[in-house]
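The values are calculated or read from the model by the stated rules, or taken from the named source; none is laboratory data. No experiment lies behind these values; they were computed from the predicted model shown. Reconstructed Cβ throughout: ideal geometry from the backbone, glycine too, with neighbour counts over all protein chains shown.
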Amino acid sequence: MGLRSSRWYSGSDRNSYIHRAWMRRGLPADAFDGERPHLAIASTASALTPCNSHLDEVAAAVSDGVWAAGGVPHVLPVMSLGETNLRPTAMLWRNLAAMAAEEMLRANPIDGVVLLGGCDKTIPALLMAAASVDLPAVVMPGGPMLTGHFRGAPLGCGTDVWRLSEEVRAGTLSREAFLDSGSSMIRSRGHCNTMGTASTMACVAEALGMTIPGTAGIPAPDSRLLERAHDTGRLAVGLVRDDRRPSRIMTRAAFVNAIVTLAAIGGSTNAVVHLLAVAGRLGVELSLDDFDRVGSGVPLLADLQPAGRHLMDDLFRAGGLTAVLKQVEDLLDPSAITVTGAPLTSCLAGAEIWDEDVIRRRADPLLPDAGIAVLRGNLAPDGAVIKPAAASPELLRHRGRAVVFDSVEDLHARLDSPDLPVDETSVLVLRGCGPRGYPGMPEVGNLPLPAKLLAKGVRDMVRVSDARMSGTAYGTVVLHVAPEAAAGGPLARVRTGDPIVLDVAARVLRVDVPDAELAARPPVTTGHARPARGWERLYVEHVTQADQGADLDFLTGSSGDAVGRDSH
Ligand code: FES
């Protein structure tokens with residue numbers, strides 16, 4: 001079968017004339033001969049997505065690679081999501097970005113696509129789009145930034161913002177010093193340098209087989225990033241010629257490899273929601289419990305913030321993701337192939353650890369069991385997650401009285417009140433922050449601690465919510481409680497003073513209130529948004545719960561690359 005793009009360009013009728021003539025503009029005549037694959041470079045470059053603002057240069061290197069391999073590149077700007085800028089939360093727009101990218105990939109005369117992302121939601125949105133349109137696709141991550149230093153110590157993007165801001169609230173750091181650190185935090189182009197969501201999703205994309213092995217984690221300013229971008233452009237042309245599509249790469253075996261990777265790198269809890277959404281687009285059977293079952297017993301090997309000490313450029317110089325994966329090779333499914341056509345496991349042969357302080361050997365892990373734990377009980381009938389690697393071990397089994405906040409606004413209004421009935425054994429509960437309730441499931445699950453407890457030296461407490469948390473955050477934080485309060489979940493019926501039981505080893509999250517009494521209480525729905533129009537309304541009416549990936553119900557599945565009608 002000929003190239004998909006030739007359905008636009010080949011022929012001698014009026015329509016093919018129009019398609020070719022308007023696209024010429026300096027392209028060589030043989031660009032439309034039906035032999036040269038046309039590649040979209042779906043770029044999330046945007047000045048308002050600072051982590052991706054350098055992607056124009058990456059796109060140029062990809063373009064060179066496409067030309068060099070005989071293809072024809074076209075940069076396709078797609079909706080970009082800047083994590084630090086977007087209100088009310090970038091997650092509200094992930095599905096819109098995925099939907100827009102999917103439709104533009106399908107509607108345009110292209111044969112394949114290179115996906116350029118970086119900041120948290122951009123790679124997930126592009127993967128969801130690529131999965132649903134199922135054109136040959138490869139991810140080229142923009143890479144993490146270099147490490148900045150403040151007062152002689154390295155700064156982890158995000159993680160140290162949380163830590164330093166809590167020090168200000170505790171009175172152990174001046175506000176001036178805190179503000180000073182801001183100029184050191186972002187040292188270079190690139191996304192956050194911790195194992196936050198952006199780094200996690202780049203690594204997960206690689207584990208899924210969707211990057212050239214060894215790509216995730218190349219620092220954004222490193223010249224090897226552009227070299228790899230060039231290689232990725234070349235490979236994309238080969239992907240089209242081999243008709244290697246995402247549905248052949250992102251199989252269930254690939255998702256198993258992604259979950260193993262997520263545990264070994266101490267990756268972000270956000271990857272759970274994103275992977276469930278991508279799997280949903282592909283029709284791959286993947287459940288919340290797979291994360292617990294597959295991740296169980298996988299050791300934490302990468303000593304990176306927020307679960308550890310180092311940062312992404314340390315991981316790269318220490319051997320990178322492939323060195324980590326080499327240590328857990330026996331846990332990976334060898335049947336899963338990458339964009340190269342070879343199994344992921346066959347790409348690990350030369351991987352070595354160059355700094356065992358950053359990447360631990362299997363025999364000497366940071367933690368023997370780093371998988372994300374899935375909790376259930378009468379407080380989370382459809383599940384909740386916790387990242388034990390980023391929690392305080394002594395709090396993983398805990399019983400304490402709930403202090404309930406109905407919304408983020410309620411939290412901010414009352415958290416530091418001297419009258420708040422809270423002590424260090426309390427469990428902070430935040431509701432109204434799920435996909436539907438906020439809307440968009442913001443990263444507020446690592447709610448700050450009450451100032452009066454910070455002043456006493458308390459630095460962690462059990463927190464429970466239907467929100468997400470930043471991949472750069474840490475603490476004994478139970479997230480993604482499903483169903484959320486706004487969807488009628490039991491979280492809406494919890495009251496301040498109720499005993500909450502967390503037992504991570506037993507995978508339990510419970511409120512010690514008789515079920516009948518809990519059911520009889522009227523649900524609290526204050527703080528839940530009711531959007532009147534536009535995307536927010538569509539989102540609230542159709543978003544699924546966290547355990548389903550928080551995709552829109554009508555976006556799950558694939559429509560393939562077929563276009564029903566011509567434009568003329
Ligand atoms: Fe963009 Fe952290 S804010 S990756």
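For segment 475-488, the count of residues that are away from the ligand (no atom under 16 Å from the Cβ), in contact with a His (Cβ under 9 Å, 6 or more places away or on another chain), under 19 Å from T526 (Cβ atoms) and in a helix (DSSP H, G or I) is nonzero.
The rows are residues; the columns are (1) outside any loop (DSSP other than H, G, I, E, B); (2) over 30 Å from A170 (Cβ atoms); (3) over 24 Å from the mean Cα position of the chain (by Cα); (4) β-branched (V, I, T).
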site	(1), (2), (3), (4)
A473	no, no, no, no
L502	yes, no, yes, no
A519	yes, yes, yes, no
L538	yes, yes, no, no
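Please work out which residue is farthest from P73 (Cα to Cα), limiting yourself to segment 1-28 and to residues that are free of Cβ contacts under 8 Å to residues at least 24 places away in the same chain and of a type in the set (S, T, Y). Only one residue fits best here, namely S12.
Would you say A349 is under 30 Å from R244 (Cβ atoms), small (G, A, S) and surrounded by fewer than 14 Cβ atoms within 10 Å (Cβ to Cβ)? For A349, the condition - under 30 Å from R244 (Cβ atoms), small (G, A, S) and surrounded by fewer than 14 Cβ atoms within 10 Å (Cβ to Cβ) - is met.
So which of L366, L375, L420 is within 30 Å of T261 (Cβ to Cβ) and surrounded by fewer than 21 Cβ atoms within 10 Å (Cβ to Cβ)?
L366
Filtering segment 30-71 to residues that are farther than 16 Å from V114 by Cβ, under 21 Å from the mean Cα position of the chain (by Cα) and buried (at least 23 other Cβ atoms within 10 Å of the Cβ) leaves T49, C51. As for segment 228-243, it holds at least one residue that is outside any helix (DSSP H, G or I) and at pLDDT 95 or above.
For (1) farther than 24 Å from E206 by Cα; (2) free of Cβ contacts under 8 Å to residues at least 60 places away in the same chain, each residue gets a yes or a no:
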{"position": "R87", "(1), (2)": "yes, yes"}
{"position": "M91", "(1), (2)": "no, no"}
{"position": "A98", "(1), (2)": "no, no"}
{"position": "L105", "(1), (2)": "no, no"}
{"position": "P109", "(1), (2)": "yes, no"}
{"position": "V113", "(1), (2)": "no, no"}
{"position": "G117", "(1), (2)": "no, no"}
{"position": "P124", "(1), (2)": "no, no"}
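Does V339 satisfy being of a type outside the set (S, T, Y), closer than 20 Å to T215 by Cβ and in contact (Cβ under 8 Å) with a residue 40 or more places away in the chain? Taking the combined requirement at face value, the residue satisfies it. Here G82 meets the list (1) within 16 Å of the ligand (Cβ to nearest atom); (2) surrounded by 24 or more Cβ atoms within 10 Å (Cβ to Cβ); (3) not hydrophobic (A, V, I, L, M, F, W, C) almost entirely, failing just condition (2). Counting only strands (runs of 3 or more DSSP E) that sit wholly inside segment 90-200, those with at least 2 residues that are more than 19 Å from the chain's Cα centre (by Cα) and crowded, with 24+ Cβ neighbours inside 10 Å are 112-117.
With respect to being of a type outside the set (S, T, N, Q) and over 24 Å from the mean Cα position of the chain (by Cα), V508 fits the description. Just one residue in the set A59, A42, A31 is more than 20 Å from N193 (Cα to Cα), small (G, A, S) and assigned to a strand (DSSP E or B); that residue is A42. In the set (1) crowded, with 24+ Cβ neighbours inside 10 Å; (2) farther than 14 Å from V339 by Cα; (3) hydrophobic (A, V, I, L, M, F, W, C), A236 fails one condition alone, (2). Screening R468, R507, R459 for residues that are within 16 Å of the ligand (Cβ to nearest atom), closer than 28 Å to A307 by Cα and basic (K, R) leaves exactly one candidate, R468.
Within the set R94, R24, R14, the sole residue that is modelled with pLDDT of 95 or more, charged (D, E, K, R) and either within 16 Å of the ligand (Cβ to nearest atom) or out of contact with any Pro (no Cβ under 6 Å at 6 or more places or on another chain) (or both) turns out to be R94. Restricting C157, C192 to residues that are at pLDDT below 95 and either within 12 Å of the ligand (Cβ to nearest atom) or in contact with a Gly (Cβ under 6 Å, 6 or more places away or on another chain) (or both) narrows the list to C157.
Would you point out the residue of segment 527-536, among those that are touching a helix residue (DSSP H, G or I) at 6+ places or on another chain (Cβ under 8 Å) and in a loop (DSSP other than H, G, I, E, B), that is farthest from A482 (Cα to Cα)?
P531
Within segment 110-140, restricting attention to residues that are within 15 Å of S46 (Cα to Cα) and among the β-branched types (V, I, T), the residue that is farthest from the ligand (Cβ to nearest atom) is I123.
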